[in-house]
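Peer 1: Before anything else, here's the structure in question.
The values are calculated or read from the model by the stated rules, or taken from the named source; none is laboratory data. Quick caveat: nothing in here was measured; it's all calculated off a predicted structure. As a convention, Cβ positions derive from the backbone with ideal geometry for all residues, glycine included, and neighbour counts pool all protein chains shown. Surface accessibility is based on the protein's heavy atoms, side chains included, excluding ligands, DNA and RNA. Shrake-Rupley method; radii C 1.70, N 1.55, O 1.52, S 1.80 Å.
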Amino acid sequence: MGVCLQVLGLVLGIVSWCLQSSSTTSHTWKVRSQAETVTTSSWQFEGLWMSCAATALGSVQCSKFKTVLGLDSHLQACRALMILSLILGLASIIVSILGLKCTKIGRMAEQVKEQVALSGGVLFILSGVFTLTAVSWYAARIINEFYDPFHAGLKFEMGTGLYLGWASSGLAILGGSLLCCSCRRSAYTPTPRQFSYHSNSSGGQSIYKAAPASESASTKAYV
């Protein structure tokens with residue numbers, strides 16, 4: 001059962017990392033709202049790295065953001081969070097593969113493999129939390145600007161890149177949780193107490209006394 005949970009968690013983590021990559025490179029984090037336009041012959045959409053414009057004829061023109069320091073603080077933070085989530089996701093995939101029970105690498109003990117798998121699950125969860133923070137922050141900014149009556153610029157709506165980010169964060173957190181649940185602590189098995197037998201030569205009662213720990217240890221050593 002633990003192996004199945006680990007494999008399922010790893011598969012979900014790999015899928016989430018692929019979706020995170022697609023979300024990070026997507027150009028449609030926000031799309032210009034068509035509510036205030038008369039014609040729908042042109043579209044404008046933006047991502048984390050560039051802004052694009054498309055026409056009904058099929059032509060698409062994209063331009064990268066020319067500055068980094070001049071960008072909004074929330075955009076820079078979302079970039080950093082998505083890059084961190086990708087790095088953590090890749091590291092968690094490698095660590096989780098090393099910690100799987102069905103993989104044999106060297107003479108790694110089972111307890112060590114469980115700790116490695118647990119570390120991979122925690123990294124997956126952190127990666128999902130970073131992605132969830134980035135897309136939720138970006139979406140909240142879009143919603144605030146859309147409903148702000150004093151906003152003089154263009155109004156945008158949420159794009160496909162945000163939905164990919166939400167899906168990837170959910171899968172990453174779910175996969176990491178499965179990996180963490182598959183690693184259970186080994187049950188503590190107390191050492192059985194040994195008893196020594198003393199008989200009275202005069203025909204009295206037989207007495208059983210618990211042997212001390214040192215005596216039981218020495219008895220095991222000589223057996």
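Peer 1: Looking at the structure I just gave you, is LEU100 within 23 Å of GLY9 (Cβ to Cβ), touching a helix residue (DSSP H, G or I) at 6+ places or on another chain (Cβ under 9 Å) and open to solvent by 80 Å² or more (accessible area, probe 1.4 Å)?
Peer 2: So LEU100 fails the test.
Peer 1: Every residue in the range 148-182 that is surrounded by fewer than 17 Cβ atoms within 10 Å (Cβ to Cβ) and of a type in the set (A, V, I, L, M), please.
Peer 2: ALA152, LEU154
Peer 1: Look at SER21 and say whether it is in a helix (DSSP H, G or I), in contact with a Ser or Thr (Cβ under 8 Å, 6 or more places away or on another chain) and open to solvent by less than 40 Å² (accessible area, probe 1.4 Å). Full working, then the answer.
Peer 2: On the way: in a helix (DSSP H, G or I): yes; in contact with a Ser or Thr (Cβ under 8 Å, 6 or more places away or on another chain): no; open to solvent by less than 40 Å² (accessible area, probe 1.4 Å): yes.
Criteria not met by SER21.
Peer 1: Among the candidates VAL7, VAL68, VAL60, VAL15, single out the residue that is of a type in the set (Val, Ile, Thr), farther than 18 Å from LEU126 by Cα and touching a residue at least 40 places away in the same chain (Cβ under 8 Å). Steps first, please.
Peer 2: Details: VAL68 fails: touching a residue at least 40 places away in the same chain (Cβ under 8 Å); VAL60 fails: touching a residue at least 40 places away in the same chain (Cβ under 8 Å); VAL15 fails: farther than 18 Å from LEU126 by Cα.
Only one candidate passes the filter, namely VAL7.
Peer 1: For the range 104-125, enumerate the residues that are more than 28 Å from GLY165 (Cα to Cα) and open to solvent by less than 30 Å² (accessible area, probe 1.4 Å).
Peer 2: From the range 104-125, those more than 28 Å from GLY165 (Cα to Cα) are 104-115; that's our starting set.
Listed by number, the list holds a single entry, LYS113.
Peer 1: For the range 24-54, what are the residues that are of a type in the set (Phe, Trp, Tyr), open to solvent by 60 Å² or more (accessible area, probe 1.4 Å) and assigned to a strand (DSSP E or B)? Outline the logic, then answer.
Peer 2: Applying the first criterion (of a type in the set (Phe, Trp, Tyr)) to the range 24-54 yields 29, 43, 45, 49.
From what's left, open to solvent by 60 Å² or more (accessible area, probe 1.4 Å): 43, 49.
The one that is of a type in the set (Phe, Trp, Tyr), open to solvent by 60 Å² or more (accessible area, probe 1.4 Å) and assigned to a strand (DSSP E or B): TRP43.
Peer 1: What is the one condition in (1) at pLDDT 85 or above; (2) under 22 Å from THR133 (Cα atoms); (3) of a type outside the set (D, E, K, R) that VAL68 does not satisfy?
Peer 2: (1)
Peer 1: Within the range 55-97, track down each residue that is loosely packed, with under 10 Cβ neighbours inside 10 Å and either assigned to a helix (DSSP H, G or I) or in contact with an Asp or Glu (Cβ under 7 Å, 6 or more places away or on another chain) (or both). Talk me through it step by step, then tell me what you get.
Peer 2: To start, the set of residues in the range 55-97 that are loosely packed, with under 10 Cβ neighbours inside 10 Å comprises 57-59, 61, 63-64, 66-70, 72-73.
Listed by number, the list holds a single entry, SER73.
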